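Novice: Just dropping this structure here.
The values are calculated or read from the model by the stated rules, or taken from the named source; none is laboratory data. Please read all numbers here as calculations on a predicted model, not as lab measurements. Backbone-built Cβ (ideal geometry, glycine too); neighbour counts: all protein chains shown.
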Amino acid sequence: MSTSTGNAATLSQEREAQALHERLERIWRNPRGWGALAAVNHSTIALRFLVTGGVFFLIAGVLAMLLRAQLALPNHAFMGAEAYNQAFTMHGTMMMFLFAVPILQGLAAYLLPKMLGARDLVFPRLSAFGYWCYLFGGLIFTSSLLFGLAPNAGWFMYTPLSSNVYSPGINADFWLLGITFVEISTMAAAIEIAVSILRTRAPGMALHQMPVFAWAMLVTSMMIVLGFPPLILGSMLLELERAAGWVFFDPTRGGDPLLWAHLFWLFGHPEVYIVFLPAAGVVSTIVPVFARRSLVGYRWVVVSLISIGFISFGLWVHHMFTLGIPALAQAFFSAASMLVGIPTGVQLFAWIATLWTGRPVWRAPMLWIGAFLSVFVAGGLTGVMLALVPFNWQVHDTHFVVAHFHYVLVGGMLFPLLAGIYYWLPHFSGRMPSERLSKIGFWLTFVGFNGTFLVMHWTGLLGMPRRVYTYDTGLGWDLPNLVSSVFSFLMAFGIATVLLDIALHFRFGRKAPTNPWEADTLEWATRLPPASHNFASQPAIATRHPLWDDAALPQSIAQGHHALAEPGHERRETLGTDPVSAHAREVILLPSNSWLPLVAGLLLSALCLMLLTKLYLPALAMGGIAAVVLLRWSWVNGAHPSVVGSGDDARHARPAGLKLHPFTFDGPGLWGMGLTMMADGALYGSLVFGWFFLWTVAPQWQPPAVSPLGVWALPTTVLMLGLGRWLFRRVQLRLRAGLDRQLAPLLWSAALCGLLASALLAGLIATAPLAPTRSAHDAMIAFALCFLLFHAGLATVLAALQATRVQRGHVGAHAPYEPGVVAVFWSFTLGATGVGWVAFAFVPLAFAR
Amino acid sequence: MRLPYATHPLQLLAGLSVWALWFVVVYGGLSVACSTASADATAQRGVFSGISLLLAGLTLATTAGLAWAAFACARAASRIDHAAEGGVGLFIARCAAALHGVAAISTLFVGFPLLLLWPCI
Amino acid sequence: MLLAGCKGSQSMLDPAGPSASAIAAVWWWMFAVALMVLAGVVLAWFLAMRPRAPLDERSARRVERRWLVGGGLVLPTVSVTALLVFGSPAGFHQLPLPGGAAAPLRIEAIGHQWWWEIRYPDGVVLRDELRLPAGRPVDIQTKSSDVIHSFWVPALGGKLDAVPGRTLTVRLQGDRIGSYRGQCAEFCGTGHAHMTMMAHVVPAEAFDAWLRAQSGTAAEEGKVP
């Protein structure tokens, strides 16, 4: 029973909370009307990812219905071979690249800042840019269907089938250019998610207090950083082969089709774990809530996630067991492929143990978790079977494999995604999902899915290959195919019901109370639906279960009792913390709404379309314009007034007693650059791998008697870059000592070193006796030199920009942050050039046969 | 023996990074060796041919090294004062011990076919 | 009736040679174990979801450990080690190991878009057709004249791709007299679905006679290289 003063106290607290909310919303809200296209807030961008991913899922699903309609009867005339080949290629490619990864990244983008206690992700404009690249790239790619020019060589585009000899026409180019464009989004999101997890967690959320979903997304993001670049490289090489005739995969001129297979599957296998791990993170989040106890074996699960992250990079050849790899090598990959089942099994039994020792309740999300368990385990078991080489030799490229991967992908990704969507539906909309309609949708989908794909294992064992648009009668395939097709329509009906259920709940769902599932993690401490700024004040936490420790946390957050409750200087701020212990270290300044991401996205779309339609000179010009816009974007960063605010008090303010990040030596950009260089290194490493691979096994490899690289050009370039890097070191030492003078001359000198290095590389490319259209040897060297030239050129430009920024006052002893970021790029460029000299000039010299 | 860096976060990545490097050396080394040797020569001596013995030796050495690292991390973990570190150091040391163990077992398991199959067929 | 459903001239569960037989046997073992594991996991899930009295700290810890170690570590490790050790030898039949008793007959299978060119020694060439002597191993050397194809006769054994620029070898043997369908198993363009072949396993003496007759004809027609 509250007294009148108690009532007045609560009322005034509520009014204060509302005032704080409104002050923050003024700073953090999205623009209205057309301006919404300039929004950078993570919740908005994430919801766009989710919806767009859902749309691509439906298009790819309709394509699947067409495939099943065609296969329902033997010698069916519903679709011809060409249409069917386009349909299955697009179905697979869209599901993997335009649905699975982006939608999970969208879910992570939405949830992570809230789970971590942060206000936004660390690179808001990059989030928006990633979305535009995804949308525009996806639209360009999907539009190929409308023109009847869709890629038709299968989602893994084996050469020589996908080369311009056997796939003339721009179908394959839609794939190579469109998907690479979309991959910019995937890479950007991965880097941003990883840095956000490492640097913006709530104070007290040390590594061992981090939610399992954050661990899963950290591992996944690192896998993306290292796993996608081999495909990006492969796509570049194949497009160069198709467009310019450079030789990489043609065995008659020193190339090898197997190089494509290796590059693709080096990406392709980690890709499926990239799709599975976030889903496993979702399951690890939901199960403890509905078991009403903490997850069993937190350390075991973390160790399993990291193990899967690494081991999954050692499995890729199991997709190539029939390509003639020597038996012993196949056995290594067979063993590794079985080994990876163990950490997966550990997580599975951690979930079962959590339920067994808890007090479980059945709710809508738990139905999907149950479906995940049974279906994914079945798929995992057939996966272990496929890991056995002799069995693989029989069922590879049959419908058995198709059944297997649908079990693991639908069971291991779609079902947890739907569980997560139902679970977080109150968060997106503020309303509870239904219980009745959700059950109907669930059972239709579950029965439909199993009816379609269970019998498909049998179809494969009876000898039906995959990717065949029709089949003869009398082989025993008629009935199983008909059954699969009929049940696929049931599954489609189920998915439609689920979507209807979700759509209707926005109108008819009852309003959600605070923390409706009585969960433990921080995302439930926001309003439902959340404000743009997530938290009015940023709490510190002490255990893995902040909301179980303190059920009144949402109120104390809203009332501004925690950090950063004073939004000063009209700028967006979030706490920056130590990556291991999560002690608060600085305040990270985040940019507000901007048109740059959309403009950059549109320019890159134009570039993509020009490359697609072979307008190469205009494409070059467009590339130049895009580069200018991107560099302009990099200018309005760091200590620039548009981010910090104008005036001395804006620059010297110390919210929560912490420095602003542009005025320290560390910030998100440094970590972002580091991770980008890791991705760059993975791409370059794949190139060096390809070089040694072709040298070792390419059938017609013919190295010339004398290396076209000469003797002194590359070593001199290394020296120039080394000098430039050393000059950057001098700059950093001065900044650490607090000295402000001589910075610009040092940086200009570094830029000059970069210019000389670039000139040397350009000269080498122009004068070396290279014939990239005649031999793979020359094409690989030419590509490597272009890669190095690009980096040396960019290093020069970035050094010059830093020098200019020093002269404009954006960089100096007071704002010492940026040179360290650019220095990382210089280190990579120096290292890559050194490795290039060793790999392309020195080793061939030493081992010339 | 005390491992001074058992609580460093990079310990979490060290073990499996070593495994990855071992894998590259074994697969790459096998490929290079087989491209220079002939199938018949290695078939003569089967699993005891030079390349198999070399790689098996490397496998055992790597496994032993990783197992040592696992025990060292585990020992360091048992010596950590819970109250002082605030928990995250202990967590890292324990997880690192487990991950080094995973890496050791992975090396042994994946290298095991060296005892079963001729190289270069 | 279930086993009758396995039959079919392209079924891998109706083996006609040692390699396919060994692999089919491994399949049935794996299927049985997988079914038991799946049933066990689903049962464990249902039992775990049942309402029960909460356990005390110590019992809970024991139960947790049992699940994690027994289910998460021991079960998968034992299973996959057994699978690797006992299952891998099924593949030895297909490896073209050198140094056997007699050098097997070498047949080239050259993949084209969209047909198989089968070349025997002494200039004998067949189209989409393979003839094998019963009971004798044969080395099939796959090649391709254009894109990657895959040579596969499920009744005899696993497949081997035909990769342009390479010659790869698989050792196959047919023991049961009969005709078995094969099909290209690597997507190779619009005609992929129709790139089928028939493998005829005939008695060994009949095969020798046939080959001699064919190579005589081939010599007459000037096909001998």
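Novice: For segment C:114-170, give me every one of the strands (runs of 3 or more DSSP E) that falls completely inside it and has 3 or more residues that are away from chain A (no Cβ under 14 Å).
Specialist: Because the criterion is at least 3 residues that are away from chain A (no Cβ under 14 Å), the strands (runs of 3 or more DSSP E) in segment C:114-170 that meet it are C:115-119, C:125-127, C:129-133.
Novice: Testing A:GLY379 on (1) assigned to a helix (DSSP H, G or I); (2) surrounded by 24 or more Cβ atoms within 10 Å (Cβ to Cβ), one condition comes back false. Which one is that?
Specialist: Tallying (1) assigned to a helix (DSSP H, G or I); (2) surrounded by 24 or more Cβ atoms within 10 Å (Cβ to Cβ), A:GLY379 fails exactly one: (2).
Novice: While we're on this one: Under 6 Å between Cβ atoms, at least 6 apart or on separate chains: pull out the pairs that start in segment A:39-62 with a residue that is among the basic types (Lys, Arg) and end on any residue that is crowded, with 24+ Cβ neighbours inside 10 Å.
Specialist: Within 6 Å, the pairs are A:ARG48/A:TYR131.
Novice: For residues that are farther than 15 Å from A:TRP826 by Cβ and surrounded by 21 or more Cβ atoms within 10 Å (Cβ to Cβ), tally how many sit in segment A:737-759.
Specialist: Of the residues in that region, 1 qualify.
Novice: For segment C:171-194, give me the residue count where each residue is at the interface with chain A (Cβ under 8 Å from one of its Cβ atoms) and in a loop (DSSP other than H, G, I, E, B).
Specialist: The number of residues fulfilling the criteria is 8.
Novice: From the list A:THR452, A:THR470, A:THR445, exactly one residue is within 14 Å of chain C (Cβ to nearest Cβ) and of a type in the set (Val, Ile, Thr). Which is it?
Specialist: A:THR470
Novice: Quick check on segment A:775-782. Is at least one of its residues closer than 30 Å to A:GLY245 by Cβ, among the polar types (S, T, N, Q), more than 34 Å from the chain's Cα centre (by Cα) and buried (at least 18 other Cβ atoms within 10 Å of the Cβ)?
Specialist: Looking through segment A:775-782, at least one residue is closer than 30 Å to A:GLY245 by Cβ, among the polar types (S, T, N, Q), more than 34 Å from the chain's Cα centre (by Cα) and buried (at least 18 other Cβ atoms within 10 Å of the Cβ).
Novice: Which condition number does A:LEU373 fail, the rest of (1) within 30 Å of A:LEU528 (Cα to Cα); (2) away from chain C (no Cβ under 14 Å) being met?
Specialist: (2)
Novice: So, one more: Taking the residues in segment A:473-506 that are within 14 Å of another protein chain (Cβ to nearest Cβ) and either of a type in the set (Val, Ile, Thr) or not in a helix (DSSP H, G or I) (or both) as candidates, determine which candidate is surrounded by the most Cβ atoms within 10 Å (Cβ to Cβ).
Specialist: A:TRP477
Novice: To continue, here is another question. Considering only segment A:194-217, state which residues are part of a helix (DSSP H, G or I) and either over 16 Å from A:TRP671 (Cβ atoms) or within 11 Å of chain B (Cβ to nearest Cβ) (or both).
Specialist: A:LEU198, A:LEU207, A:HIS208, A:GLN209, A:VAL212, A:PHE213, A:TRP215, A:ALA216
Novice: If A:ARG436 satisfies every condition in (1) in contact (Cβ under 8 Å) with a residue 40 or more places away in the chain; (2) surrounded by fewer than 23 Cβ atoms within 10 Å (Cβ to Cβ); (3) away from chain C (no Cβ under 11 Å) but one, which is the exception?
Specialist: (1)
Novice: Of the conditions (1) more than 7 Å from every other protein chain (Cβ to nearest Cβ); (2) assigned to a helix (DSSP H, G or I); (3) crowded, with 24+ Cβ neighbours inside 10 Å, A:GLY358 satisfies every one except a single condition; which number is it?
Specialist: Every condition holds for A:GLY358 apart from (2).
Novice: Let me ask something else. Give all pairs with beta carbons closer than 6 Å in which a residue from segment A:153-172 that is over 11 Å from A:ALA243 (Cα atoms) and within 7 Å of chain C (Cβ to nearest Cβ) meets a residue that is surrounded by fewer than 21 Cβ atoms within 10 Å (Cβ to Cβ) and not acidic (Asp, Glu); count only pairs at least 6 apart in sequence or on separate chains.
Specialist: A:PRO160/A:TYR166
Novice: Among the numbered conditions (1) in a loop (DSSP other than H, G, I, E, B); (2) touching a residue at least 24 places away in the same chain (Cβ under 8 Å), tell me where C:HIS200 comes up short.
Specialist: The single condition C:HIS200 does not satisfy is (1).
Novice: Then there is this: Which of the numbered conditions does A:PRO288 fail, given that it passes all the others? Conditions: (1) at pLDDT 95 or above; (2) over 23 Å from the mean Cα position of the chain (by Cα); (3) facing another protein chain (nearest Cβ under 9 Å).
Specialist: (3)
Novice: On to the next question. Mind counting the residues in segment C:109-144 that are surrounded by fewer than 17 Cβ atoms within 10 Å (Cβ to Cβ) and within 16 Å of C:ARG171 (Cβ to Cβ)?
Specialist: Matching residues across segment C:109-144 total 3.
Novice: When only residues in segment A:328-344 that are more than 25 Å from the chain's Cα centre (by Cα) and not hydrophobic (A, V, I, L, M, F, W, C) count, which is nearest to the other protein chains (Cβ to nearest Cβ)?
Specialist: Ranking the candidates gives A:SER334 first.
Novice: Assess whether A:PHE493 counts as being closer than 19 Å to A:ALA364 by Cβ and touching a Ser or Thr at 6+ places or on another chain (Cβ under 6 Å).
Specialist: no
Novice: Just checking, which of A:VAL697, A:VAL688, A:VAL706, A:VAL636 is out of contact with any strand residue (DSSP E or B) (no Cβ under 8 Å at 6 or more places or on another chain) and within 26 Å of A:LEU198 (Cβ to Cβ)?
Specialist: A:VAL636
Novice: Taking the condition of being within 35 Å of the chain's Cα centre (by Cα) and not aliphatic (A, V, I, L, M), how many residues in segment A:754-764 meet it?
Specialist: 2
Novice: Something else now. Counting just the residues of segment A:305-327 that are more than 9 Å from chain B (Cβ to nearest Cβ) and hydroxyl-bearing (Ser, Thr, Tyr), which one comes out farthest from A:GLY268 (Cα to Cα)?
Specialist: Among those residues, the one meeting the criterion is A:THR322.
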